[in-house]
1. From the set of residues in the range 159-217 that are in contact (Cβ under 8 Å) with a residue 60 or more places away in the chain and closer than 22 Å to T251 by Cα, which is surrounded by the fewest Cβ atoms within 10 Å (Cβ to Cβ)?
2. Do we find that S254 is closer than 15 Å to A124 by Cβ, among the polar types (S, T, N, Q) and in contact (Cβ under 8 Å) with a residue 40 or more places away in the chain in this structure?
3. Of the residues A107, A96, A111, A115, only one is part of a helix (DSSP H, G or I) and touching a residue at least 24 places away in the same chain (Cβ under 8 Å); which?
4. How many residues are closer than 19 Å to S318 by Cβ and hydroxyl-bearing (S, T, Y) if we restrict to the range 252-276?
5. Restricting to the range 291-337, name every residue that is surrounded by fewer than 12 Cβ atoms within 10 Å (Cβ to Cβ), within 37 Å of the chain's Cα centre (by Cα) and under 20 Å from G369 (Cα atoms).
6. Out of S377, S383, report the one residue that is touching a residue at least 60 places away in the same chain (Cβ under 8 Å), polar (S, T, N, Q), under 16 Å from F288 (Cα atoms) and crowded, with 18+ Cβ neighbours inside 10 Å.
7. In the range 274-289, how many are within 15 Å of L340 (Cα to Cα) and either free of Cβ contacts under 8 Å to residues at least 12 places away in the same chain or touching a Ser or Thr at 6+ places or on another chain (Cβ under 7 Å) (or both)?
Amino acid sequence: MKVTMTQAERPTTRRFDPMSGTWLSIVLDLVWVVIVNLVSFRVANRVADGPWTVVAYVILSGVGMFVLTAVPLRYFLMRQRREAEAREVLLSNESARRIFDARLGRAFDMAGDEAAVLAVATRAVQSLSTTIGVEVLLADSSKAHLMRAAHTDFAGAPAACCDVGTPRSCPAVSQGHALTFDDSEEFDACPHLRDRGGDPLRAMCIPVSVMGSSVGVVHAVHRRDTTFAEREVSGLAAVAQMLGSRIGLVTAMSESQLQANTDPLTGLLNRRSLENEVHALMQDSQHFALVLADLDHFKNLNDTHGHDAGDRALRMFSRILRRTLRENDLLCRYGGEEFLIVLPGLTTEQAAVVFDRVRLELDTAASSGQVPPFTVSAGVVDSAHGATLADLVTNADECLMRAKAGGRNQSVMSTA
């Protein structure tokens, strides 16, 4: 602030600067010389006679010239020195800020998911200071609650533990701009800061925005007797800005990748994604069982109850698969009412037992009345029954046809 005021005063004070070279400064210099010489001459004539008059004149004029010229000159030189030092500090701070922003941007560019992004934000905040407590609060998937996503934990630093629960109840998020509170005990302090208890604090809250919408906040606290340094303020602002941008990009990329890899109706893997996953298993020589399942009389269900009922049946069967099977099992809507299930590490006998459990779950769910009752048949093969996925699917389809011919609502294992 002092530097700004000095720069604003410069047009006025520069006119009197003896080193500025302006006409006014030249005239003032001449006036000072004339006045000093006249006064020195008159005083010298009064205090000395004869040759001593010249000596007294030289001494008096020299002292007068020094007082009236050197003192103002020293003032302007010192002022210019202070301005130069202030400019050097500003340039140094700006250079440090640019370097920090560049490093932060490079680190965020290498973060591929939300966890990695939050880890970068935490490390960046820790590099700013060890005397402040910082936490990042982000909204959950419903956008209705703020959850603690990351925080720093330095010994001796105050803990940032804001109890705000929803985005709307956070003043910084609701107002959409950074807020600073110099004293948690003041009447205009944030309620979540004032009611926290403990020692008085100084706080700063910077909203985190994704696509123009505030979805979180970077909350930092200092002790009340300590102010936020310029480096801390600019650094926290950069973290909040880049954090929101990177989370938005990572989320968009994740959603785009998810849409590219999954079936839009059921949320299971699509055919291409499953083929890639099975190819990786085969490349690693991992043993697995493969189940080709098909909903029984699905065409009749569609024709009788409508395509909406058919879609509900597909979604119900998909939910049962996700609920019943393991997280590392591969579930795919292979086409229409056909589903392909890959069970790593299982034999055909074990896979048949697992699928029987799926059929029992389906019987229970179908009896709820949400969709017309339906059953499912399947063919089960082992990864040793084919050199490629196409061979395995062909063998599984043959088993599926035998299950259909044998009365449906059952699984048939390959004996190849």
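1. So, considering only residues that are in contact (Cβ under 8 Å) with a residue 60 or more places away in the chain and closer than 22 Å to T251 by Cα, the one surrounded by the fewest Cβ atoms within 10 Å (Cβ to Cβ) is V215.
2. Working: closer than 15 Å to A124 by Cβ: no; among the polar types (S, T, N, Q): yes; in contact (Cβ under 8 Å) with a residue 40 or more places away in the chain: yes.
No, not satisfied.
3. Working: A107 fails: touching a residue at least 24 places away in the same chain (Cβ under 8 Å); A111 fails: part of a helix (DSSP H, G or I); A115 fails: touching a residue at least 24 places away in the same chain (Cβ under 8 Å).
Among A107, A96, A111, A115, only A96 is part of a helix (DSSP H, G or I) and touching a residue at least 24 places away in the same chain (Cβ under 8 Å).
4. Qualifying residue count for the region: 3.
5. R323
6. S383
7. Number of matching residues: 3.
Conditions (1) of a type in the set (V, I, T); (2) modelled with pLDDT of 90 or more; (3) within 23 Å of the chain's Cα centre (by Cα); (4) part of a strand (DSSP E or B), marked per residue:
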residue	(1), (2), (3), (4)
V125	yes, yes, yes, no
T130	yes, no, yes, no
L137	no, yes, yes, yes
R148	no, yes, yes, yes
A160	no, no, yes, no
D163	no, no, yes, no
S174	no, no, yes, no
D183	no, yes, no, no
I206	yes, yes, yes, yes
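The values are calculated or read from the model by the stated rules, or taken from the named source; none is laboratory data. The structure displayed is predicted, hence computed values, not measured ones. Note: ideal-geometry Cβ built from the backbone for every residue, glycine included; neighbour counts use all protein chains shown.
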